[in-house]
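Values in this text are rule-based calculations from the coordinates and carry no lab data. Small disclaimer: the values here were computed from a predicted structure and weren't measured. Cβ sites come from the backbone with ideal geometry, for glycine too, and all protein chains shown count toward neighbours.
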Amino acid sequence: MEHSTRTNEPKRLSRTLLLLGTFCLTACASDAVVKERPPRYQPVSSMTATVATGQKIIRAMRLARVSPLVALGENIQASQEALTLLKQNPGDASALHDYNFAVARMVGIIRANKLDPWTHPLSVPSPSGGVYLLEHKPDPRPMWNPALYTFTPADEFMIGGKYVEEHVSRSGIGAPVVAVGKGDNKEWRTNYFTKKVYYGVTAVARFQGNRCIIAFEDPLARETTSVNGRSIDLAADFTVPLAVMLTSTTHRVPKLERMINPEKWAETAQLARLEPYNPNKAVVLVIHGLMDSPSTWAPMIINLRSDPEIRKHYQFWFYSYPSGYPYPYTASILRENLNGVEKRFPLHKPMVVIGHSMGGCISRLLITDTGETLWERLFNHTPDETRLPASSKKLYTDALIFKHRSEIGRVIFISSPLKGSEMASLSLGRIGSMLIRTPRKLLLAGNDAFKVVTFQANDLKLKRAPNSIDTLSPKNRFVRMINTIPIVQGIPYHTILGDRGRGDSPNSSDGVVPYWSSHMDGAQSEYIVPSEHGAHQNPRAFAEVKRILKLNAAKEGN
């Protein structure tokens, strides 16, 4: 037996180093790659009528750099002529193509030359003589003031990366555009929005005499728009805006460093909306896992947004956090955020929460009533009897004593180590745990707790405050205790698990979390996909989440 242990030790060490290296490479891999490119015009038809509009577009592209206003006028006239053709024949695909392309070039010229038709009408020479007045349709919502944004046509981007392999768009009228806020959103925390606004809109140009009026319309809020007195599908791109956001933000918030040094990235613990608040839609809140970020949800969100029924009923929010925190503490921060959201954006429909990996562990705490049970089992005294400094006592109170969130109506757990993962107790987990720098506040609270807590024989033995990896160990006392407390009745929940395609459940594992840890007896449904730990990025998981969301919408009477 001793000989066998020594023989396997190099293998275990090699496996540990290999896995650690894989995690590091994964953290460094590009979630999304975006490159700007000059647009290409490819006519759809050789009909005489559309050749005329196409010639204006091509001429405008040649003049865009040397005479931008002249080029702008050519595109305005081309879009106007294309609209006339569409009025005569609403099914004219070539006219629709030319209209959309011309409108996109108008937006591109405005951006490239820093023109401003948003604060006052812009005089543009018409190719036929005279002048166009280019302006925008006012919107009463302050955040929809186009002067606050830089607009880039979506067709000027090439996209790639591991999280944007699927390019989802919707055919229709208008030019899909990426709107990027000028400067940081100063009230991003109180408005529960991203620090810098990235959003996909659709530019539609309409005409009143010599006035060309551009409107920016929300493709997530409406499926159609009115042009030429008739309703027509509104064009949309659901992938490029998200890809631009990922490339612009992920390098500023490194996943691995957020785990290793959570105190430095404390500001990034934030619940945020991915789109303008819509009280008529239910919120789907997604929560990422260890050493990850909201970008991990991009493939699923892109896929879900491709379904008009999902767009109709749901809006997507995310919770981001430094994943080095012990997850009970992370859950307490999320509860504070939800309290703030309730005041700022009261929800009219029950929220659906989807948690991947450790994000599922956080989600589980949102639908649990603990009372003082966890506290008394940890400290062997009631809160009143436990002597702790005020700051530490508040921290433990928030992390251990809580009620389920009444705004949550359904939860989906994906690859979640609800009963712990043995990897957190093995060499890889211990190495990762030692790399995490405990925030000072948690360090002090941990030292205070060690003075009054008595360890049990089967506890994970620590000489410092636990971090995220520690709270994923089956030997962690919190993990064992929370699994003795049932999820509150009346909130349905579902599980999605990976089995690496082996079909060996219930003896299966996704490579990180075993079946026995993710399985929940009370789940309304359990779905196993042939994937490793990233089951939330598997197409079969997309379909299952879509099924659950549609079921939820039907039951809520949306």
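Is the shape of the chain best called rounded, prolate or oblate, per the rule: a/c under 1.5 gives rounded, else a/b larger than b/c gives prolate, else oblate, with a ≥ b ≥ c the square roots of the Cα gyration tensor eigenvalues?
Since a/c reaches 1.5 and a/b is larger than b/c, the shape of the chain is classed as prolate.
Place a point 7 Å from Cα of Ile431 in the direction of its Cβ. Which residues in region 314-351 have their backbone N less than 15 Å from it?
none
Taking the alpha-carbon set of region 38-242, what are its Rg and Dmax in Å?
Considering region 38-242 through its Cα atoms, Rg and Dmax are 16.7, 55 Å.
If you count the DSSP beta bridges with both ends in the chain, what percent of them are antiparallel, to the nearest 5?
Counting DSSP beta bridges with both partners in the chain, the antiparallel share is about 55 percent.
With a/c under 1.5 counting as rounded, go ahead and sort region 82-189 into rounded, prolate or oblate using the C-alpha gyration tensor (a ≥ b ≥ c being the square roots of the eigenvalues; past the cut-off, prolate if a/b is larger than b/c, else oblate).
It comes out oblate by the Cα gyration axes.
May I ask you to order 380-389, 533-542, 366-375 by the average number of other C-beta atoms within 10 Å around their residues, highest value first?
With the highest mean Cβ count within 10 Å placed first, the list reads 533-542, 366-375, 380-389.
Just from its helices, what would the mean residue ellipticity at 222 nm be for the chain, if runs of 4 or more DSSP H residues each count -39500 (n - 2.57) and the sum is divided by every residue, rounded to the nearest 500 deg cm²/dmol?
For the chain, the value works out to -11500 deg cm²/dmol.
Quick check: the distance between the Cα centres of region 320-351 and region 126-161, to the nearest angstrom?
Measuring centre to centre over Cα atoms gives 35 Å.
Starting from the Cα gyration tensor of region 185-297, take the square roots of the eigenvalues, sort them a ≥ b ≥ c, and report rounded, prolate or oblate (rounded when a/c is under 1.5, otherwise prolate if a/b is larger than b/c, else oblate).
Here region 185-297 falls in the prolate category.
Under 5 Å between amide H atoms, partner at least 5 residues away or on a different chain: which partners does Tyr149 have, H built in plane at 1.01 Å?
Amide H neighbours of Tyr149: Lys182.
If the reach is capped at under 26 angstrom between alpha carbons, list the lysines near Lys87, excluding any in the same chain fewer than eight residues apart.
Lys56, Lys137
Holding the Cα-Cα limit at 32 Å, pick out from Lys35/Lys255; Lys35/Lys419; Lys255/Lys441; Lys182/Lys546; Lys393/Lys550; Lys195/Lys394 the pairs that are longer than that.
Going by Cα-Cα distance, Lys35/Lys419; Lys182/Lys546; Lys393/Lys550 fall outside the 32 Å limit.
In what sequence, highest mean first, do 137-149, 237-249 appear when ranked by Cβ atoms within 10 angstrom?
237-249, 137-149
For region 105-143, which trypsin sites (Lys or Arg not before Pro) are both in a DSSP coil and crowded by at most 14 other Cβ atoms within 10 Å?
Hits after loop and neighbour filter: Lys114.
Output wanted: per-residue J couplings in Hz (rounded whole) for region 484-497, from phi through Karplus 6.51 cos²θ - 1.76 cosθ + 1.60, θ = phi - 60°, x for Gly and Pro.
8, 9, x, 5, 4, 6, x, 10, x, 9, 9, 10, 10, 10
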